[in-house]
Structures are given as C-alpha cells and as structure tokens.
Amino acid sequence: MDRELVRQLDAELQQLKAEHRYRLANELQSPQAPKVTIDGAERIMLSSNNYLGLADAPRVIAGAKKALEVFGNGTASVRFICGTMSLHRRLEAKIAEFLNVEAAVTFISCWDANIGLVPTLLGQDDAVFSDALNHASIVDAIRLSKAKRCIYPHTDTAALEQMLQENASARRKLIITDGVFSMEGALAPLPKLAELAEKYGAALAVDESHATGVLGQHGRGTTEHFGLAGRVDIQTSTLGKALGGSCGGYVAGKKTIIDYLIQYSRPHLFSNALPPAVCGGALAAIEILQAEPQRLSRLSENVSYFRRQLQTVGLKVLDGQTPIVPVMIGETATAIAFQKALLEKGVFVCGFGYPVVPQGHARLRCQVCATHTKEQLDRAVAAFAQVKKDMHL
Ligand code: PLP
C-alpha cells in the first residue's frame, strides 16, 4: 500500500471540501421521470437528459426485457471475437435508417464513440479542429490522437478558417463540434462549419448527443435542424439521453468510415459490446420516436412555454431553442443556495458554478422534457419566482 499516494489524494479531497467543490451525487429512489423521488420526497425533475420521457416508458422497458430474455445478460466478448449478436446488427441498421445515413456502429457510450473515432481516423500527419467548449470526451479523444490540435475559440468560425489555412498541408483535416453545447444549450454554427469543411477539404464530425431526439423534423439532430444532411460526414451520439436514457453511443455516416472504425477502433476491438437489454431498449426508443413524432413537437412546445414563463417572473434565461434552459444567477454561492431552496420546494435542478463555468456566471441549468405537464412546469416556475423573492434577487 502506497501510504504517500493515499495521503496526497486525501489532502486534495479535503481541499475540495474546504472550497465547497466536493460533489455529492443526488440519489434517486425512483425511475428517471418528470417526477422523481429524492430524499424520500417527490420532486419535479428539471435536470435530466430524458428529453422524450422514454427512460421509464413501458415499451422501452418491454424491449429491454425481451432482449434480456432472448439474448441473455451480456456478450461476454468484444465485438469481433464472439460479441456481435443479431441484435447489435439490428440496432445499428435502425440507427442508420433513422438518421438516413449509410451505416452506424455502436459503442458502450458516446464517450467511447468519440474516443473510438478521433484517434482512429487521425495520426501524426493530420490536424483536428475543435471548438474550445466541446464535450470532455472529444477533448480526451483529441488528446489520445497524435494529430495536431487546433482548438478554436467557441463558435469562432473566423478563427477556425485561419487555422484551416495555416494547416492546409495536413494529410487529413477533421473539424469536430458538439451540435448542442451542454452548458448554454447553444447550437454550433453548423452551416458555416460545413461550408469551411468543403472549402478546405476537411471532414466534419458533429456530436449530436444533446440534439438527437430533440432537434429536426424527425429528431435527427442539428444536422437535420440546419438541413445539412449529406454535408456532415460523421455523426456521433448517445443512446443515454433522449433515446431511452440507458447507455450506449454510436458513430454514423458513410459505410467506408464505419467499416474502417470496425477494423481499427480500439474500444470496438478491445472492450465488450453493448448488453442486449440496452440494445433492446434503444431499439424500442427509436421506434417510438419514429412512430410518434408528436413527442418532438410536445418537447418544443414545453421548451418555449417554460422559457417564456421563467422570463415572465423576471428570471434571466439564456436565449435559445433547446431544452437546455440556463437560468443565470451570478455568484456560485447564490446558485447553490437557490438550488437548495428549490429542492425544498419540490423542484430538482442542478446548479453549475465556478470553475465549471466562468466566475460570476453561475447558473441553474434546467432541462425540459416532452413528458413534463404544464402543471409541473407552472409549479416549477412558481417555485423559482418564490425563491427569487425570498432571496431578494
Ligand atoms: N458528448 C456529449 C456532447 C455529451 O453531452 C455527453 C454526455 O453528457 C457525451 C458525449 C457522453 O455520452 P455518454 O453518456 O453516452 O458517454
């Protein structure tokens, strides 16, 4: 036992506690749903990525159960040895059909999908162009690759263009961005990115995790929202948010790219495949989305309603059209106190302060779902208004 290691780690943990940055998970005693049980009491859930309300949908649970019964608990193998079941192939074909692209390959998470993508496609002769606020999985994927890293300031397409010009001689160029950025709920400037990709011979990859099942007429994400089908080369996304809330991720796009990942991507080659229950649940979730597009319009109505109502009671909400609705509070301590007071009033919402967001920009990040009722949203807004008044904000 290395006592020095334990001593050092403990000192860091104590430091976190002293700075009020030590994270304590909130424990749910019920399924993920618009109303959940936390600390033994019912709360309106306003912090989940369960955008279409499918995490506890009976048909998704039935799909998962059936897959579990037919295919067992797991693959006990990586994909290429004996871990590919017909269910994986069905799910991947369904994802490709849903997105209207040539092919898709699943990973155990979107984290793994991103890690499986960037280092596999890019080597030392290549360059990757990444938005400064991209998700941590993209950041780590880039760190794992040997490509030259060109990190452009958030959504700054002029800076990106300059970097593309400066790295014109790279063998392969990949522009990669979140479709929806999770802290602001803002959209990537995808049309301009597509234009620059075409102009400078770069491939364009979009992580649609917060956009799948949310944006676009069929819920295909920012790519569909901006009418860029065929101009985005690679889409990654998660099965752990709108598409059933379990876990799993995928890369989708041209068959050649997917074939290449199947041959060379390390998480695909050296880590177990998605468990059957997860595949069955995700398949059911996509089928529900395809059969019930009204879930998308319901989500968008709820988003507009909730945003409007919060503004009506004088709260500062970042503009946007996604279900990520950040209510700007300012100081971290105030945001923490606000969050606690909301919980006491039966509303669960997560606060983000420094250093996750810049100093003075602490916020409560609300996330709206299609299955929230108007009554639940009204109750949440009333709780916000009351806490604002009580705290003299
Ligand atoms: N990419 C983005 C943009 C995300 O927001 C997330 C999750 O928060 C992920 C990837 C990781 O997804 P998963 O939970 O499937 O690993």
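Free of any GluC sites (Glu not before Pro) that DSSP assigns to a loop and that have at most 10 other C-beta atoms within 10 Å, the longest stretch within the chain is 28-393.
Other residues within the sphere of radius under 12 Å centred on the Cβ of residue 390, judged by their own Cβ, net out at +3 (K and R +1, D and E -1). In order along segment 379-393, phi translates into HN-Hα couplings of 5, 5, 5, 4, 5, 4, 4, 5, 5, 4, 5, 4, 8, 6, 9 Hz, rounded to whole numbers, per the Karplus curve 6.51 cos²θ - 1.76 cosθ + 1.60 with θ = phi - 60° and x for Gly and Pro.
Restricting segment 86-148 to trypsin sites (Lys or Arg not before Pro) that sit in a DSSP loop and have at most 14 other Cβ atoms within 10 Å of their own Cβ leaves 146.
With springs only between Cα atoms under 10 Å apart, run a GNM on the chain and tell me which of 70, 139, 60 wobbles the most. The residue that fluctuates most here is 70.
Taking 20 Å as the limit for the C-alpha separation, the pairs 345/389; 94/173; 35/389; 66/255; 65/374 exceed it in the case of 94/173; 35/389; 66/255; 65/374.
So between residue 15 and residue 308, what do we pick up on full extension, going 0.36 nm a residue minus the alpha carbon distance? Taking residue 15 through residue 308 to full extension adds about 101.4 nm, to one decimal. Each residue of segment 151-156 is assigned a 3J(HN,Hα), and the resulting list reads 9, 8, x, 2, 6, 8 Hz, derived from the Karplus form 6.51 cos²θ - 1.76 cosθ + 1.60 (θ = phi - 60°), x at Gly and Pro. What percentage of the solvent-accessible surface of the chain, computed with a 1.4 Å probe over protein heavy atoms, is contributed by carbon and sulfur atoms? Heavy-atom surface of the chain belonging to carbon and sulfur, 1.4 Å probe: 52 percent. Here the spin labels are modelled as points 7 Å beyond Cα on the Cα-Cβ line, and at residue 331 and residue 59 they lie 5.0 nm apart. For the chain, a simple Cβ point-charge model (Lys and Arg +1, Asp and Glu -1, everything else neutral) yields a dipole of about 340 debye relative to the Cα centre.
Think of it as helices only: each DSSP H run of n ≥ 4 in the chain is worth -39500 (n - 2.57), and spread over all residues that comes to -13500 deg cm²/dmol at 222 nm.
Within 11 Å, Cβ to Cβ, of residue 319, how many net charges do the neighbouring residues add up to if Lys/Arg are +1 and Asp/Glu are -1?
Net charge in that neighbourhood comes out at +1.
Applied to segment 370-378, the Karplus parametrisation 6.51 cos²θ - 1.76 cosθ + 1.60 on θ = phi - 60° returns per-residue 3J(HN,Hα) values of 5, 8, 5, 7, 4, 4, 5, 5, 4 Hz, with x for Gly and Pro. Spin-label pair residue 149-residue 39: with each label point 7 Å from Cα along the Cα-Cβ axis, the two points sit 3.9 nm from one another. Could you check which residue among 363, 220, 149 shows the biggest mean-square fluctuation in a GNM of the chain with a 10 Å Cα cutoff? Of 363, 220, 149, the Gaussian network model singles out 149 as fluctuating most.
The spacing between segment 189-214 and segment 302-348, judged by their C-alpha centroids, is 29 Å.
With the charge dipole of the chain set up from +1 on Lys and Arg Cβ and -1 on Asp and Glu Cβ about the Cα centre, the Cα lying farthest toward the positive end among the listed residues 314, 346, 189 is that of 346. For the chain, the solvent-accessible area works out to 46 Å² per residue, with a probe of 1.4 Å and every protein chain left in place.
Once C-alpha pairs closer than 8 Å and six or more residues apart are averaged by separation and normalised to the residue number of segment 58-291, the relative contact order reads 32 percent.
Computed with every protein chain present, the accessible area of residue 128 is close to 0 Å² [probe 1.4 Å]. Collect residues whose amide H, placed 1.01 Å from N in the peptide plane, falls under 5 Å from the amide H of residue 325; neighbours closer than 5 in sequence don't count. The answer is 366, 367, 368. When both bridge partners sit in the chain, DSSP labels roughly 60% of those beta bridges antiparallel.
The values are calculated or read from the model by the stated rules, or taken from the named source; none is laboratory data. Note that the structure is a prediction, hence the values are computed from the model and not measured. Positions of Cβ are generated from backbone atoms using ideal geometry, with glycine treated the same way; all protein chains shown enter the neighbour counts. For the accessible areas, the whole protein counts, side chains as well, though only heavy atoms, and no ligand, DNA or RNA atoms are used. Shrake-Rupley method; radii C 1.70, N 1.55, O 1.52, S 1.80 Å.
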